[in-house]
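In what follows, a single structure is set out as structure tokens and then discussed.
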Amino acid sequence: MELPQVPDPSRDPSPQREMRRGVRLGVDVGTVRIGVASCDRDGLLATPVETVKAEPRRGSLDRLAALAAEYEAFEVVVGLPRSLSGGEGPAAAKIRGYARDLARRLGPQRPVRLVDERLSTVTATQGLRASGVKAKKGRSVVDQAAAVVILQNALDAERMSGRPPGTMVQLEDGN
């Protein structure tokens with residue numbers, strides 16, 4: 001009689017990784033509008049929240065801080081625009097500056113992480129178009145949809161790797 005094979009967890013091609021629990025906000029920073037998304041406490045699904053006016057800057061930072069508090073987010077994920085080759089240009093430098101300002105505004109209790117957002121707006125626009133949203137109406141929600149794509153990609157990356165996505169925004173004083 002042959003004994004049944006017991007699976008070896010070290011050989012499992014898709015081991016379950018520990019996912020940090022808690023709500024996160026996803027943010028797509030644009031020059032005119034900022035899309036915001038959130039996820040459930042289990043980090044499974046990103047959903048749209050709202051679109052915030054980018055200017056005045058202080059007002060947008062205050063609104064994002066209020067949303068982080070309202071949703072009890074333990075972390076904020078900001079999309080970092082990169083070229084298709086992975087390089088960073090002037091837009092990435094602006095987003096890095098905005099993310100630093102947001103990290104200062106939120107304080108060390110709510111870290112800000114930068115994650116690659118390549119093609120998030122394209123993906124969001126295609127998804128909206130495929131679901132029948134007209135171009136004119138789509139402008140008002142495309143930023144939220146891009147924030148959803150950014151956050152969902154970050155959640156999926158964390159689930160696959162078992163590590164927080166992207167890089168933590170570091171402040172000058174080490175926070």
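Computed from backbone phi, the HN-Hα couplings of the stretch 98-112 come to 5, 4, 5, 4, 5, 4, 4, 5, 7, x, x, 6, 10, x, 10 Hz, rounded to whole numbers (Karplus: 6.51 cos²θ - 1.76 cosθ + 1.60, θ = phi - 60°; Gly and Pro given as x). Peptides 32-42, 90-100 ordered by packing proxy, namely the average of other Cβ atoms within 10 Å per residue, highest first: 32-42, 90-100.
Taking Lys and Arg as +1 and Asp and Glu as -1, the other residues whose beta-carbon sits under 14 Å from that of residue 90 total +2. For residue 26, list long-range residues whose amide hydrogen, built 1.01 Å from N in the peptide plane, is under 5 Å from its own amide hydrogen. Placed amide hydrogens put 37, 38, 77 under 5 Å from residue 26.
Other residues with beta-carbon under 12 Å from the beta-carbon of residue 151 carry, at +1 per Lys or Arg and -1 per Asp or Glu, a net charge of -4. For the set 85, 161, the ranking by accessible area, highest first and with no ligand, DNA or RNA atoms included, is 85, 161 under a 1.4 Å probe. Backbone geometry of the stretch 52-68 corresponds, through the Karplus equation with coefficients 6.51, -1.76 and 1.60 at θ = phi - 60°, to 3J(HN,Hα) couplings of 10, 5, 6, 10, x, 4, 4, x, 5, 5, 4, 5, 5, 5, 5, 5, 4 Hz, x marking Gly and Pro.
The values are calculated or read from the model by the stated rules, or taken from the named source; none is laboratory data. Keep in mind it's a predicted model, so treat the numbers as computed, not measured. Because the Cβ atoms are built from the backbone with ideal geometry, glycine has one as well, and the counts that use them run over all protein chains shown. Just the protein is used for accessible areas: all its heavy atoms, side chains included, with ligands, DNA and RNA removed. Shrake-Rupley method; radii C 1.70, N 1.55, O 1.52, S 1.80 Å.
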